[in-house]
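Reviewing the structure listed below.
The values are calculated or read from the model by the stated rules, or taken from the named source; none is laboratory data. A quick note: this is a predicted structure, and the numbers were derived from the prediction, not measured. All Cβ positions, even for glycine, are placed from backbone atoms using ideal geometry, and neighbour counts span all protein chains on display.
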Number of protein chains: 2
Amino acid sequence: MSSKPLDYENLNENVKKCQYAVRGELYLRASELQKQGKKIIFTNVGNPHALGQKPLTFPRQVIALCQAPFLLDDPNVEHIFPADAIARAKQYLAMTSGGLGAYSDSRGIPGVRKEVAEFIERRDGHPSDAELIFLTDGASKGVAQILNAIIRGPNDGILVPVPQYPLYSATISLLGGSLVPYYLEETANWGLDIKDLHRSVAEARSKGLMIRAMVIINPGNPTGQCLSETNLKEIMRFCYRENLVLLGDEVYQQNIYQDVRPFISARKVLLDMGTPISREVQLLSFHTVSKGYWGECGQRGGYFEMTNIPPKTVEEIYKISSISLSPNVPAQIFLGLMANPPKPGDISYDQFIRESKGILDSLRRRAHIMTNGFNSCINVVCNFTEGAMYSFPQIRLPQRAIEAAKSLGKAPDVFYCLKLLEATGISTVPGSGFGQKEGVFHLRTTILPAEDEMPAIMASFKEFNDGFMDQYEDHGRYSRM
Amino acid sequence: MSSKPLDYENLNENVKKCQYAVRGELYLRASELQKQGKKIIFTNVGNPHALGQKPLTFPRQVIALCQAPFLLDDPNVEHIFPADAIARAKQYLAMTSGGLGAYSDSRGIPGVRKEVAEFIERRDGHPSDAELIFLTDGASKGVAQILNAIIRGPNDGILVPVPQYPLYSATISLLGGSLVPYYLEETANWGLDIKDLHRSVAEARSKGLMIRAMVIINPGNPTGQCLSETNLKEIMRFCYRENLVLLGDEVYQQNIYQDVRPFISARKVLLDMGTPISREVQLLSFHTVSKGYWGECGQRGGYFEMTNIPPKTVEEIYKISSISLSPNVPAQIFLGLMANPPKPGDISYDQFIRESKGILDSLRRRAHIMTNGFNSCINVVCNFTEGAMYSFPQIRLPQRAIEAAKSLGKAPDVFYCLKLLEATGISTVPGSGFGQKEGVFHLRTTILPAEDEMPAIMASFKEFNDGFMDQYEDHGRYSRM
């Protein structure tokens, strides 16, 4: 019989071309080893609860009550839920049209979008319109939806920072567009190099591409840098001159581990700049409940906000959102709670602050332990994680290691990461999954392992790495640090 | 300044082409009227909880405990949760890798997929492999994912029943494929007409299309019919001969309102047929927690199961699922509970049966009230709703009504449904949103309004309709019934 429609050779080529390293070869091997009984430290995905981070209590109380509204009539409810959680649950249930089991408007519950708009307004000092905020099943779904509206075919180019989070490369492949890389400068703490940006655009145009949009990830994933206000202004001027939509992936905005460069939203910078730029640059900003001190990845809650997008386009995006009817409603409530957390004076305020501060303070300490740990290893150099959840050390692989990898048909960084996994159980993602300059190798790890386990993990990494370097050292190319 | 990338004229054409009537003009107008204070009866979407259906208690208890696991340590927990809900919550939490806040495997939690496989095996009498079951954010996301793998370009045709649920037309447009309609036969209670199927394929091929897949919706949406075993066997033979993937949308499998044609899954029919057909036809089956007596639409939980799909293709679909990391975890638990509900002897069993049977019995009565109500109206004829959640009456519009619609630039059925909405607050979807034969008009309404409100709603419908017909009657074309 001839081959069938869902046989591999007959699949949509864009599906086959797609790569997604975060759950690629390394992850599959790690899962296999785990099944065989090996202890695996999954640092391949920014998945805080999987590594022991406890959920914040207050939002979980509210959502439990919303899921089981009959508890609100139970005379015992006040013995196990605080009064402010009960009050919030009632408010959210009143905002839905039939509780968490009913589809909401495809853009999300109006009352929650209002809470998000108020959060943005407090954060940026500029009014925000709830009608221009759409809630989504995690930020990734929003990114895909917007890229889908932008990309018309293989000649549409999207500027993406390299190293980048592979959501972008995978989604652009899947939609049949072209990724146009611009390189972040490792020696300048992964800062934006505006000259490289110009060079990328010129090169892409010379190949016949039409550049339509630019992605920034701030704080950076996998690179962990925070963009300065100066950098952001340069980006706005660039997008204005080049007529590009700006996609601001700001899902790590709560994850900041230094005080020199606090998070500033792209939207604030844009609107602060004044006309014409503030009225002209089309901006989409993305946020989520998966990161920050929330880490509620499994709930799949996110939003995007639109600035300077014409009403007819907003309508089209609304129409496309309607096809899947509505984002999941429980995560919408999480988003409302994130935008509008307990306030001073509320019963749950102190606990909420204690828990959230505890998580952020610990992440800040872990960022330091991890960077210092990597920098104490032979042939490893690592920028400090200013924000986000990742460390992205450069691994200077000896020539003999590169050759050993090639003889096995593996990329050198994949070879190194596989060896690391087998030796230590640490599951990372090779830098090639994010993009890196030719001949330079990295790995990405999250800073999420429990703080008390971190020293042992870094010791185990160092033991493996230094042994590996000893084994493959070709003496001469790189000196020991 | 020149037009900008997200201005309407520069958007992806596939996005613009997409139509989605369920939340189209009628829904927007209904929302507007609601804002102005008018009482709207939203029967445009199968959204049971929005129309007052209460969620089943047991699953909500389990999910509330999973969301707030700290309750499990509270000495008061046993006063408000039954022991079997507590036990199930503990089991599910043990299946996750960090509770509901952690991403699961991109295919879903292995333990839940096992429960689904066991459910399928009990239902069909054939073993099912959990590795071939992927959990999704509602069934629609699974449909989109599979169509994405199938559709390579505008020459790839997908056979879709007409009238059809517009998820299919919208998704196929968005992915740039071609919808090939095959008509269901209204006079044969919306049965499949295999001759029309052959005619559609021949016509599409003559236009240069390659037919790759066939969609069936069983029970039907919007048409409400249940496919007979004979019909399903014909479909299998047809897919085998024509080398088509079969997409079986079976989300209404619990919604059956007669005993002559119980639900039979496409997979059971396929595997019962024996080789070569049972080994050759590639089948995807979709199911959800949004429908049945669950009606948990807002949770966005679904799954698809793959039969005869080669391992390399399964891997590709796994890779694509990975891009959005994981389906939302709370809805995965709902799916597990749906697949493995309380059993005789469990504390919650009696309540669960009472609640679920209460909902189904009432839906069955409502299906009758509605069909009878429509058939008592002038120029309205309606097949009985054998299954699913919809009634799809044909409205025989007088010529003068058609002309009045045209003079306003509206499709005749849209004109009628708008008038109905303004007069009664009943929000329906015009038949043109689902596809209908030339010159024939319908509307879709759900059978979900509360049972005690149903007589008044149908009376209000009849008053409007008969007045409308009187107003536009051109005497002669259709006689009164």
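Just a few scattered comments:
- A:Leu227 being touching a strand residue (DSSP E or B) at 6+ places or on another chain (Cβ under 9 Å), crowded, with 18+ Cβ neighbours inside 10 Å, closer than 25 Å to A:Gly157 by Cβ and within 14 Å of chain B (Cβ to nearest Cβ): no
- Flag for A:Ser376 being in contact with a helix residue (DSSP H, G or I) (Cβ under 8 Å, 6 or more places away or on another chain) and within 13 Å of chain B (Cβ to nearest Cβ): no
- Looking across region A:320-329, just one residue is more than 7 Å from every other protein chain (Cβ to nearest Cβ) and either hydroxyl-bearing (Ser, Thr, Tyr) or in a helix (DSSP H, G or I) (or both), and that is A:Ser321.
- Tallying residues that are in a loop (DSSP other than H, G, I, E, B) and at the interface with another protein chain (Cβ under 7 Å from one of its Cβ atoms) within region A:15-46 yields 3.
- Index of the failed condition, B:Glu242 passing every other in (1) surrounded by fewer than 18 Cβ atoms within 10 Å (Cβ to Cβ); (2) more than 14 Å from chain A (Cβ to nearest Cβ); (3) within 22 Å of B:Glu185 (Cβ to Cβ): (2)
- Residue match in region A:340-357 (condition: more than 14 Å from chain B (Cβ to nearest Cβ), of a type in the set (Gly, Ala, Ser), within 21 Å of the chain's Cα centre (by Cα) and at positive phi): no
- Being under 19 Å from B:Gly138 (Cβ atoms), more than 8 Å from chain B (Cβ to nearest Cβ) and among the polar types (S, T, N, Q) is a description that does not apply to A:Ser285.
- Filtered residues of region B:131-158 (kept if of a type in the set (Lys, Arg) and either free of Cβ contacts under 8 Å to residues at least 24 places away in the same chain or within 17 Å of B:Thr313 (Cβ to Cβ) (or both)): B:Arg152
- Positions within region B:200-246 being within 24 Å of B:Lys268 (Cβ to Cβ) and without any contact (Cβ under 8 Å) to a residue 40 or more places away in the chain, in sequence order: B:Leu227, B:Ser228, B:Thr230, B:Leu232, B:Arg241, B:Asn243, B:Leu246
- Hey, B:Gln299 at pLDDT 95 or above, within 21 Å of B:Asn218 (Cβ to Cβ) and within 8 Å of chain A (Cβ to nearest Cβ) or not: no
- Of all residues in region A:101-130, exactly one satisfies the criterion of being under 16 Å from A:Thr307 (Cα atoms), free of Cβ contacts under 8 Å to residues at least 12 places away in the same chain and in a helix (DSSP H, G or I), namely A:Glu121.
- Within region B:384-415, restricting attention to residues that are surrounded by 23 or more Cβ atoms within 10 Å (Cβ to Cβ) and among the polar types (S, T, N, Q), the residue that is nearest to B:Tyr27 (Cα to Cα) is B:Ser391.
- Within region B:141-167, the set of residues being away from every other protein chain (no Cβ under 14 Å) and part of a loop (DSSP other than H, G, I, E, B) comprises just one member, B:Pro163.
- Residues in region B:435-460 that are among the charged types (D, E, K, R) and in a loop (DSSP other than H, G, I, E, B): B:Lys437, B:Glu438.
- Among the residues of region A:311-319, not a single one is more than 30 Å from B:Gly295 (Cβ to Cβ), free of Cβ contacts under 8 Å to residues at least 40 places away in the same chain and in a loop (DSSP other than H, G, I, E, B).
- Tally of residues being among the basic types (Lys, Arg) and under 24 Å from the mean Cα position of the chain (by Cα) across region B:296-337: 1
- Taken together, B:Asp7, B:Asp84, B:Asp74 contain a single residue that is in contact with a Ser or Thr (Cβ under 9 Å, 6 or more places away or on another chain) and surrounded by fewer than 19 Cβ atoms within 10 Å (Cβ to Cβ), which is B:Asp7.
- B:Gly52 meets the conditions (1) under 29 Å from the mean Cα position of the chain (by Cα); (2) farther than 27 Å from A:Ile317 by Cα; (3) away from every other protein chain (no Cβ under 11 Å); (4) not β-branched (Val, Ile, Thr) in every case but one. The failed one is (3).
- Any hit, region B:23-39, residues being of a type in the set (A, V, I, L, M), more than 22 Å from A:Pro310 (Cα to Cα) and buried (at least 21 other Cβ atoms within 10 Å of the Cβ): yes
- Restricting attention to region B:211-236, the residues being in contact with a Phe, Trp or Tyr (Cβ under 8 Å, 6 or more places away or on another chain) and not hydroxyl-bearing (Ser, Thr, Tyr) number 11.
- Top-ranked residue of region A:416-434 - restricted to ones that are surrounded by fewer than 22 Cβ atoms within 10 Å (Cβ to Cβ) and not basic (Lys, Arg), ranked as modelled with the lowest pLDDT: A:Ser432
- Residue within region A:196-206 that is within 20 Å of the chain's Cα centre (by Cα), within 27 Å of A:Thr313 (Cα to Cα) and aliphatic (A, V, I, L, M) present: no
- Highlighted here are the strands (runs of 3 or more DSSP E) found entirely within region B:168-284 that include at least 1 residues which are of a type in the set (Phe, Trp, Tyr) and touching a helix residue (DSSP H, G or I) at 6+ places or on another chain (Cβ under 9 Å): B:178-185.
- Qualifying residue in region B:350-358 (condition: of a type in the set (A, V, I, L, M), surrounded by fewer than 18 Cβ atoms within 10 Å (Cβ to Cβ), modelled with pLDDT of 95 or more and farther than 20 Å from B:Gln145 by Cα): yes
- In region B:65-100, the residue that is nearest to the other protein chains (Cβ to nearest Cβ) out of those that are touching a residue at least 24 places away in the same chain (Cβ under 8 Å) and among the small types (Gly, Ala, Ser) is B:Gly99.
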